[in-house]
Amino acid sequence: MSIATVNPTTGAVEKSFDEIDDAELERRLQVAHDAWLAHRKTTFAERSAFLLKAADLLDADAETLGRTITVEMGKPLAQAVGEVRKSAKALRFYAEKAEGFLAPEPLDDPSIVDARQAFSVFQPIGPVLAVMPWNYPVWQVIRFAAPAIMAGNVGLLKHASNVPQTAVYLEELFLRAGLPEGVFQTLLIGARRVEKVIRDTRVAAVTLTGSEPAGRSVASIASDEVKKSVLELGGSDPFVVMPSADLDQAVATAVTARVSNNGQACINAKRFIVHADVYHEFLEKFVDAFSKLRLGDPLDAATDIGPVSTEQGREDLVELIEDAKANGASVLVGGSVPEGDGWFVEPTVIADLTPKARLFYEEAFGPVASVYKVSNLDEAIDLANDTPFGLGSAAWTNDKAEQQRFIAELDAGSVVINSSTISYQELPFGGTKRSGYGRELAAEGIREFTNLKSVRVC
Ligand code: NAP
């Protein structure tokens, strides 16, 4: 894939970039290595000052950067600006919390290990490569970069090829914030050159957020090099609605949970599993709400849903819809591609799916909701877990015993009762099963790329 901004609203190429050549890649890897040798010795206070400055710059740029995000990947402008502001908050969060998250952990009774003192320390490991997706082009990078830099590591960003302006902005952001050259760099390279970077002896580890095939490839190369990897992959999150739920609230939340970010978030709710007692009422209201969503130019404040971000992404989504129809599913609203420019797909609700349809097990990355009817709690939990993924999950019920069952039995990296999955910097984020491994955010996120060193002072 060439490195270019191709506006998904119009299909027009707005700006193209050349990949860096091998000599420049080599230079940048050496700069990263040298920068790490100095950065690892800086204090938390020094790192924190840089991140707080970067946060202020991000806030100041929120409107213009938000516009760039919208032009590059098509999410509604207000959501793009919100993403930038959320990222500034995460920079401040790690600037303030990192020292505490990485504070030495003493053993209560060091005499047990024949020492006067025994404790663990968390130390930086070196340059970390981040292979990142286009769907939250600023948030995904900042939630990697903020903890990496605060831990004393340095960051190498290989961003998705369709968000190069955002990628270049991010390197400049950290330089403007005063971070020395090499502490955070953007590598304008295509996916096929990721292997070379992972295998480079100066690179310590890799984190990837993206699709399963990309994750599998990156993880196998990293394991071949015996390097740590973290994978944040796809999801097909269940959103379960039981009879005791507040149905109007559940419907309103369900719609937003499915279509926010144009339906292209890993943690969008994708499968709506509804108890038979409330199925028809839920479905009627859900379909009605979907039919009122405004599809259009994401720069227009009245728009709810913009285009799918890439032409290939739209093709994949249309294939899933057609396959579902061919396998007996019912399209209750939407299901088509509107006339005109851009890679739009109508907001779509599909019911009567069976495991024969690909949509039953595959992730729909766009505004397509699948609805299922179940007759009891056990069936709801079984269906929710009948997926290769395990990222987020949501269950709507006011019955305390049911809530406990969902918390205990949903196979996912998170479970939310009576709301929808949202990433918070305070909560660890990640998945199980084919949604990946490792955690981002909170204390767990910053500790992922550190060396936990055990110390005995005898
Ligand atoms: P993708 O194709 O896997 O791209 C993600 C990144 O990986 C891009 O930088 C891409 O570079 C690179 N890449 C692709 N193939 C690669 C390979 N074989 N080796 C090394 N790098 C490779 O993902 P996508 O389809 O654009 O993004 C959507 C997916 O990401 C969805 O499945 C979504 O659920 C998932 N996602 C997960 C999370 C999470 O936190 N769990 C968050 C957001 C998105 P190029 O652009 O140059 O190809």
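The values are calculated or read from the model by the stated rules, or taken from the named source; none is laboratory data. What you see is a predicted model; the values in this text were computed from it and never measured. Neighbour counts run over all protein chains shown; Cβ positions are idealised from the backbone, glycine included.
Looking at segment 101-116 only, could you name the residues that are without any contact (Cβ under 8 Å) to a residue 60 or more places away in the chain and over 12 Å from Ser454 (Cβ atoms)?
Passing the criteria: Ala103, Asp108, Asp109, Ser111, Ile112.
Counting just the residues of segment 305-315 that are out of contact with any Gly (no Cβ under 8 Å at 6 or more places or on another chain) and surrounded by fewer than 20 Cβ atoms within 10 Å (Cβ to Cβ), which one comes out farthest from Asp382 (Cα to Cα)?
For segment 305-315, the residue satisfying everything is Gln312.
Among (1) buried (at least 20 other Cβ atoms within 10 Å of the Cβ); (2) over 23 Å from the mean Cα position of the chain (by Cα), there is one condition Ser330 misses while meeting the rest; what is its number?
For Ser330, the failing item is (1).
Kindly indicate whether any position in segment 187-207 is away from the ligand (no atom under 15 Å from the Cβ), among the β-branched types (Val, Ile, Thr), over 18 Å from the mean Cα position of the chain (by Cα) and surrounded by fewer than 21 Cβ atoms within 10 Å (Cβ to Cβ).
Within segment 187-207, one or more residues are away from the ligand (no atom under 15 Å from the Cβ), among the β-branched types (Val, Ile, Thr), over 18 Å from the mean Cα position of the chain (by Cα) and surrounded by fewer than 21 Cβ atoms within 10 Å (Cβ to Cβ).
In segment 263-281, how many are in contact with a strand residue (DSSP E or B) (Cβ under 8 Å, 6 or more places away or on another chain) and more than 12 Å from the ligand (Cβ to nearest atom)?
So the count comes out to 9.
Among the numbered criteria (1) in contact (Cβ under 8 Å) with a residue 40 or more places away in the chain; (2) surrounded by fewer than 22 Cβ atoms within 10 Å (Cβ to Cβ), which single criterion is violated by Glu322?
It fails just one condition, (1).
Return the residue satisfying two criteria in turn: it lies in segment 132-148 and is out of contact with any His (no Cβ under 8 Å at 6 or more places or on another chain) and within 16 Å of Phe449 (Cβ to Cβ), and of such residues it is surrounded by the most Cβ atoms within 10 Å (Cβ to Cβ).
Of everything passing the filter in segment 132-148, Pro147 is surrounded by the most Cβ atoms within 10 Å (Cβ to Cβ).
Going through segment 94-142 one residue at a time, which ones are away from the ligand (no atom under 16 Å from the Cβ) and in a helix (DSSP H, G or I)?
Residues satisfying the conditions are Tyr94, Ala95, Glu96, Lys97, Ala98, Glu99, Gly100, Phe101, Pro110, Ser111, Ile112, Val113.
Are there any helices (runs of 4 or more DSSP H) wholly within segment 1-84 with 2 or more residues that are crowded, with 18+ Cβ neighbours inside 10 Å and within 16 Å of the ligand (Cβ to nearest atom), and if so which? It would help to see each step written out before you state the result.
Values: elements: 22-39, 44-60, 62-73.
It comes to 62-73.
Give the residues of segment 336-369 that are within 16 Å of the ligand (Cβ to nearest atom), crowded, with 20+ Cβ neighbours inside 10 Å and not in a loop (DSSP other than H, G, I, E, B), sorted by residue number.
Leu359, Val368, Ala369
Mind checking which residues of segment 226-248 are over 20 Å from Gly413 (Cα atoms) and either free of Cβ contacts under 8 Å to residues at least 24 places away in the same chain or among the aliphatic types (A, V, I, L, M) (or both)?
Val226, Met242, Ala245, Leu247
Please work out if Ser423 is at negative phi, part of a loop (DSSP other than H, G, I, E, B) and more than 16 Å from the ligand (Cβ to nearest atom). Quick ask: steps written out before the conclusion?
Numbers: at negative phi: yes; part of a loop (DSSP other than H, G, I, E, B): yes; more than 16 Å from the ligand (Cβ to nearest atom): no.
Considered against the rule, which asks whether it is at negative phi, part of a loop (DSSP other than H, G, I, E, B) and more than 16 Å from the ligand (Cβ to nearest atom), Ser423 comes out as no.
Could you tell me whether any residue of segment 287-297 is in a loop (DSSP other than H, G, I, E, B), over 23 Å from Val416 (Cβ atoms), without any contact (Cβ under 8 Å) to a residue 60 or more places away in the chain and of a type in the set (Asp, Glu)? Reasoning before the result, please.
We begin by selecting, within segment 287-297, every residue in a loop (DSSP other than H, G, I, E, B); these are 292-294, 296-297.
If we keep only those that are over 23 Å from Val416 (Cβ atoms) as well, we get 292, 294, 296-297.
In the following step, the residues that additionally are without any contact (Cβ under 8 Å) to a residue 60 or more places away in the chain were identified as 292, 294, 296.
Checking which are of a type in the set (Asp, Glu) leaves us with none.
The answer is no, given that none of the residues of segment 287-297 is in a loop (DSSP other than H, G, I, E, B), over 23 Å from Val416 (Cβ atoms), without any contact (Cβ under 8 Å) to a residue 60 or more places away in the chain and of a type in the set (Asp, Glu).
Restricting attention to segment 226-243, report how many residues are away from the ligand (no atom under 14 Å from the Cβ) and either in contact with a Lys or Arg (Cβ under 6 Å, 6 or more places away or on another chain) or under 30 Å from Glu281 (Cβ atoms) (or both).
Number satisfying all stated conditions: 6.
Return the pair list, or none, for Cβ contacts closer than 6 Å from residues in segment 388-417 that are farther than 19 Å from Phe272 by Cβ to residues that are surrounded by fewer than 24 Cβ atoms within 10 Å (Cβ to Cβ) and of a type in the set (A, V, I, L, M, F, W, C), at least 6 apart or on different chains.
Sorted first by the residue in segment 388-417, then by its partner, the pairs are Ile407/Val415.
For segment 428-454, give me the residue count where each residue is free of Cβ contacts under 8 Å to residues at least 24 places away in the same chain and either under 20 Å from Phe389 (Cα atoms) or in the same structural domain as Leu377 (by TED's automatic domain parsing) (or both).
The total comes to 1.
When you look at Arg447, is it in a helix (DSSP H, G or I), over 22 Å from Val203 (Cβ atoms) and out of contact with any His (no Cβ under 7 Å at 6 or more places or on another chain), yes or no?
When the stated conditions are applied, Arg447 does not pass them.
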